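Some notes on the structure that comes next.
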Amino acid sequence: VNGNQERGWNDPPQFSYGLQTAAQGAPKRTPLNKRVPPPQLTGSPCPVPGDFPSLTAPMTPPTNPLAPPCSMNTPPRPCPVAAPPLAGVMMMATPPPPFPVVEHTDSASSQSENEPDVDDVVTLLNWALTACRHTVKKQVCNDVAKRLKLFEDMWKSGKLSLPVRRRMNGLVQELKSCNWDAADEIHRALIVDHVNEVGQWMVGVKRLIAETRNLNPDLLHTQEVDQSLDTSSTGNSD
Amino acid sequence: MATFPEFIAQNEERDGVRFSWNVWPSSRLEATRMVVPVASLITPLKERPDLPPIQYEPVLCSRVTCRAVLNPLCQVDYRAKLWACNFCYQRNQFPPTYAGISDVNQPAELLPQFSTIEYVVQRGPLMPLVFLYVVDTCMEDEDLQALKESLQMSLSLLPPTALVGLITFGRMIQVHELGCEGISKSYVFRGTKDLNAKQLQEMLGLTKPTAAQAGRGPQAPQAPLSNRFLQPVQKIDMNLTDLLGELQRDPWPVTQGKRPLRSLGSAMSIAVGLLECTFPNTGARIMTFIGGPATQGPGMVVGDELKAPIRSWHDIEKDNAKFMKKGTKHYEALASRASTNGHIIDIYACALDQTGLLEMKCCSNHTGGYMVMADSFTTSLFKQTFQRVFTKDVSGAFKMAFAGTLEIKTSREIKISGAIGPCVSLNAKGPCVSENVRQFHGNGGTSQWKICGLDHNTTLAVYFEVVNQHNAPIPQGGRGAVQYVTQYQHSSGQKRIRVTTTARNWADAGTQIQTIAASFDQEASAILMARLAVYRAETEEGPDVLRWLDRQLIRLCQKFGDYHKDDPNSFRFSETFSLYPQFMFHLRRSPFLQVFNNSPDESSYYRHQFMRQDLTQSLIMIQPILYAYSFNGPPEPVLLDSSSILPDRILLMDTFFQILIYHGETVSQWRKAGYQELPEYENFRHLLQAPVDDAQEILHSRFPMPRYIDTEHGGSQARFLLSKVNPSQTHNNMYAWGQESGAPILTDDVSLQVFMDHLKKLAVSSAA
């Protein structure tokens, strides 16, 4: 996503949480840290412009520039078939997406296949909340419930974008499988990348994950809890 | 046998240390003749994912005036279970737990590969981290909304056990109670008066734990309880999210021609006081978010009339900056109180005009806090920079560290003059401390410093003095040693101690000058000298600093260049020195020493970054990196010179503060014509993409986030490139040089060629 060009000059592009986290551990492909000493000191001849190989294209008027070396035609000068991107294999955990950074896919055709069901997601969240009500303070549970309701309302009134809906679906799947850290990480990624959509209610989900993970595992499978799960349609699995 | 460059690189990688000289002149007199002092850059918490923390406490020398840590340079008698301190030669008994050691069973701290080692101190409770948000509400709604969202987001990034608090301010200051009861309460203060810690304590109803309470019972005192103003994130995150969501713009109306009344100085004072009373001596960050300058109360930097602008460099020079001295004093006092308690002050200043960073810089610089300068809270530069404060390393721990102290021990022949970096002196006198410290003001005359906030990049410059007398024999063992001991609070709450012990050979400068010369680290020396110059520039006149810098450079050339007297053309510098004059040339015209064209706030910001970054980043700031992309081969570094600007290539320039991609005239025309869209010109599309990919790698992780500029020949933003390159071709000499390409720069600045010519002339002159 491009930076905010209206309010800041030369604002840098915005990267997703996932990309920035991946960048932490990844070694740099080709660190740009080399310098060239000035020739006067080492005794080598001063670089003259003629030394720099330049293309044969003369200075043509801007309205009709000669074309760049074509990959398929025989070029006038030795020219690599594929342009020189950096040497070496990409070593990053995930290859950098083409710029500007876009969220993974959103083509119309995949929409209907990947559209998560709001009721499934809400049911799973409520399953966790029900389990929490045994031991967690009533006020806290009510606060969480309030926010889950807000989340549901926003979804149903079309205020949440597809990436948010999909990732929330992923989050509740992790919750169901008791993968607390994974669920937590998804909540973090969502609030970093989409704070304007999720900012008001995501803290409730955050709290829910935190409280649920501390529960006695037996509590997660009491009768009433399982009942609430059974009433859901078979959830989307990936 | 490794070459010096290999030796330097290995040492940096393992120990985070780079010395100006890697073989040391053995007498004081000779050392002063080296021009560049023996000095080191040290990155105390350099990222070492391979270093396993040692789960026992370090063994110390028993001599009270020494207390050096056991290290690989110590001689050990395994039979008698004794070790000899390499600094003071004291013989020490190993503690009983070391009974089992032998020369085939050595403890880690004696192994050479553990010249840098980290200990985890087990005793004492794990202290929670404290984050106190101080939020300006005098800003446009859009900005305030963006700031609120960033703060709400940060609650998900803080450790759950961390304590968090909120102070908001505009004309008045509100200290918010973070209860769970559903009613929000706050204590309101006028912004016009300053409060000392005691008054604040009373007004907020805080009682310090008394000595009687703390001392009860043999067990360690409990971790400080949270109070109404600072509560664990996991407990109040929902309430605080709501509270932040409800924040309104400061209600006091701002009339035409006036600035909002912003009591920033008092707000910061209250924040410092609150932490002083409740969490002295534990890691804490005061994060101030400001949308404009302080306009009333203590610490004000400008009046509320818009027609009176905030001070410029011109005003300061003419002694026409009426709030500056008093304002600076206010913030210096706050910085002092905060650093005494180990508390960090961060400043996030987002406004189009100046906010008073000049007056407030000591808050960040003395405490190791961050200073971020952006145009608005709605920019991605602010949002992502702020996110990156909470970055975790590969082990899942936050990169930020707290409550650091650095202590340095040296062999007898070398003493510590001073340090330059985000630290304050602890005034620790001792045998390692030199008396020749005047130039370091507050940060000299000590062997210990406090670094309240530090991370993996924080780098200090430490300057030494060789004290051996001339013609005294080379010291026994032939090597001088330095030990850096950094104690700090890890972000997990654990107390840790990192110890780096390193040594270099002595040499007699009379007979072995070539060896000493070959050991010169021109990159480290450039930064070490640059920090000295910038340090001086804070208190001395600009031209005097430049003259000093030039004089040192000329002396260095005279001492280490190859030349025939009075023959400038004969002058040669070996590879070991060949980049150094270019660094000095660019340093002289850098914003660190040239305040022309920058506001006082901008200069303060740039200097703040320069005085703490590691060597690689600092070099980029002085002499930006320039890479060229073309069809003629893989991307290559090119001279930072106007002759590198050619029509058929793309340039990537990294100045640390900006990443700039410049498309040459021809490339730009091709791009406009859309050739990259055509399948048969896929290679052109790749060419356009290559610098973008490289730029992205830098943009992904640099802190603070740089600006990003995509420009082309004739573009207005190309000026950022044109102002940095050496103007070898200007409107003055375009025809004299006979060059037909390269972009002429419209400037009267001296070019590198002219600079080098003058330098060579002065160096070889027998009149010097």
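The values are calculated or read from the model by the stated rules, or taken from the named source; none is laboratory data. Just so we're clear, the structure is a prediction, and the values are computed from it rather than from any experiment. So basically every Cβ, Gly included, is an ideal-geometry build from the backbone, and we count neighbours across all protein chains shown. Surface areas here come from the heavy atoms of the whole protein model, side chains and all, with no ligands, DNA or RNA. Shrake-Rupley method; radii C 1.70, N 1.55, O 1.52, S 1.80 Å.
Starting from the Cα of B:Ala308, step 7 Å along the direction of its Cβ; do the same at B:Ser492; then give the gap between the two resulting points in nm. Roughly 5.4 nm, to one decimal. Heavy-atom accessible area, probed at 1.4 angstrom with all protein chains present, ranks B:Arg123, A:Arg7 as B:Arg123, A:Arg7, highest first. Cross-link pairs exceeding 27 Å between alpha carbons, from the set B:Lys415/B:Lys760; B:Lys198/B:Lys409; B:Lys198/B:Lys429; B:Lys235/B:Lys495: B:Lys415/B:Lys760; B:Lys198/B:Lys409; B:Lys198/B:Lys429. Estimated at 0.36 nm per residue, the fully extended path between B:Thr340 and B:Arg79 surpasses their Cα-Cα distance by 89.4 nm.
Here the protein assembly as shown is treated with +1 on each Lys and Arg Cβ and -1 on each Asp and Glu Cβ, and its dipole about the Cα centre works out to around 3600 debye. Treating r as the C-beta distance of B:Ile101 and B:Thr515 and R0 as 41 Å, the FRET efficiency rounds to 0.65. Taking the protein heavy atoms of segment B:325-474 in the context of the full set of protein chains, the accessible area attributed to carbon and sulfur is 50 percent at 1.4 Å. Taking 10 °C and 1.306 mPa s as conditions, segment B:571-692 diffuses translationally at an estimated 96 µm²/s according to Stokes-Einstein applied to its Kirkwood radius (Cα pairs). Across the alpha-carbon atoms of segment B:61-189, the computed radius of gyration and Dmax are 26.7, 74 angstrom. Comparing B:Phe377, B:Tyr331, B:Tyr348 along the charge dipole axis of segment B:325-389, the residue lying farthest to the positive side is B:Tyr331, per the Cβ-charge model. Averaged over its residues, chain B has an accessible area of 40 Å² per residue, based on protein heavy atoms and a 1.4 Å probe.
Pairwise Cα distances in segment B:273-347 exceed 16 Å for 59 percent of all pairs.
Applied to segment B:4-16, the Karplus parametrisation 6.51 cos²θ - 1.76 cosθ + 1.60 on θ = phi - 60° returns per-residue 3J(HN,Hα) values of 4, x, 5, 4, 4, 5, 4, 5, 5, 5, 7, 10, x Hz, with x for Gly and Pro.
Near the amide H of B:Val164, within less than 5 Å, lie the amide hydrogens of B:Phe131, B:Gln231, B:Val233, all on another chain or at least 5 residues away, with H placed in the peptide plane.
Sequence neighbours fewer than 8 away in the same chain don't count; with that in mind, list the aspartates and glutamates whose C-alpha is under 17 Å from B:Lys81. Those aspartates and glutamates meeting the cut-off are B:Asp103, B:Glu109.
The shape of segment B:453-504 comes out prolate: with a ≥ b ≥ c from the C-alpha gyration tensor, a/c is at least 1.5 and a/b beats b/c. Descending by average beta-carbon neighbour count within 10 Å, the peptides A:199-212, B:663-676 line up as A:199-212, B:663-676, the highest first. Within straight-line reach of B:Lys761, meaning a Cα separation under 24 Å, sit the following lysines at least 8 residues removed in sequence or on another chain: B:Lys559, B:Lys565. Normalised size of segment B:369-486, defined as Cα radius of gyration per 2.2 N^0.38 Å with N residues, equals 1.40.
Just the Cα atoms of segment B:563-615, one point each, no solvent: what log10 I(q)/I(0) does Debye give at q = 0.14, 0.16, 0.24 Å⁻¹? So the normalised log intensities work out to -0.56, -0.65, -0.95.
By the rule of a C-alpha distance below 17 Å, with chain neighbours fewer than 8 residues away ignored, the aspartates and glutamates paired with B:Lys307 are B:Asp315, B:Asp353. Residues B:Tyr56, B:Tyr535, B:Tyr119, sorted by accessible area with the largest first, give B:Tyr56, B:Tyr535, B:Tyr119 [1.4 Å probe; ligands and nucleic acids excluded]. Once divided by 2.2 N^0.38 Å, the Cα radius of gyration of segment A:116-231 becomes 0.98.
Shape summary of segment B:362-406, radius of gyration then Dmax from alpha carbon positions: 13.0, 38 Å. The DSSP beta bridges internal to the protein assembly as shown are antiparallel in roughly 70% of cases. Roughly how many Å is it from the Cα centre of segment B:377-441 to that of segment B:632-648, as a whole number? Centre-to-centre (Cα) distance: 37 Å. Cβ-Cβ distance of A:Leu162 and B:Asp567, R₀ of 56 Å, FRET efficiency by 1/(1 + (r/R0)^6): the value works out to about 0.15. Applying the Karplus relation 6.51 cos²θ - 1.76 cosθ + 1.60 with θ = phi - 60° to segment B:317-322 yields 3J(HN,Hα) values of 4, 8, 6, 10, 10, 6 Hz, where x marks Gly and Pro. Set against the 2.2 N^0.38 Å expectation for a compact globular protein, the protein assembly as shown has a Cα radius of gyration ratio of 1.00.
Take the Cα coordinates of chain B, assign each an equal point scatterer, and use the Debye formula without solvent to give log10 I(q)/I(0) at q = 0.08, 0.10, 0.11 Å⁻¹. Cα-only, vacuum Debye calculation for chain B: -0.74, -1.14, -1.33.
For segment B:442-598, pairs of C-alpha atoms spaced more than 21 angstrom apart make up 63 percent of the total. In nm, to one decimal, how far is the modelled label at A:Ser177 from the one at B:Thr576, with both set 7 Å along Cα→Cβ? Taking the two extended label points, one gets 5.9 nm.
Among beta bridges identified by DSSP and lying wholly in chain B, the antiparallel ones come to about 70 percent.
When chains B and A come together, the accessible area they lose, probed at 1.4 Å and totalled over both chains, is close to 7700 Å². Each label point was placed 7 Å from the Cα along the Cα-to-Cβ direction; for B:Lys672 and A:Asn214 their separation is 6.3 nm. 3J(HN,Hα) along segment B:696-705: 4, 4, 6, 5, 5, 10, 5, 10, x, 4 Hz, from the Karplus curve 6.51 cos²θ - 1.76 cosθ + 1.60 with θ = phi - 60°, whole Hz, x for Gly and Pro. Extension gain, B:Asp550 to B:Arg190: 0.36 nm times the residue separation minus the Cα-Cα distance gives 124.5 nm. Segment B:515-582 and segment B:51-96 have Cα centres lying 40 Å from one another. Computed on protein heavy atoms with a 1.4 Å probe, the accessible areas place B:Glu407, B:Glu465, B:Glu359 in the order B:Glu407, B:Glu465, B:Glu359, largest first. Between B:Ala526, B:Asn86, B:Asn320, the Cα set farthest toward the positive side of the dipole of chain B (charges on each charged residue's Cβ, about the Cα centre) is that of B:Asn86.
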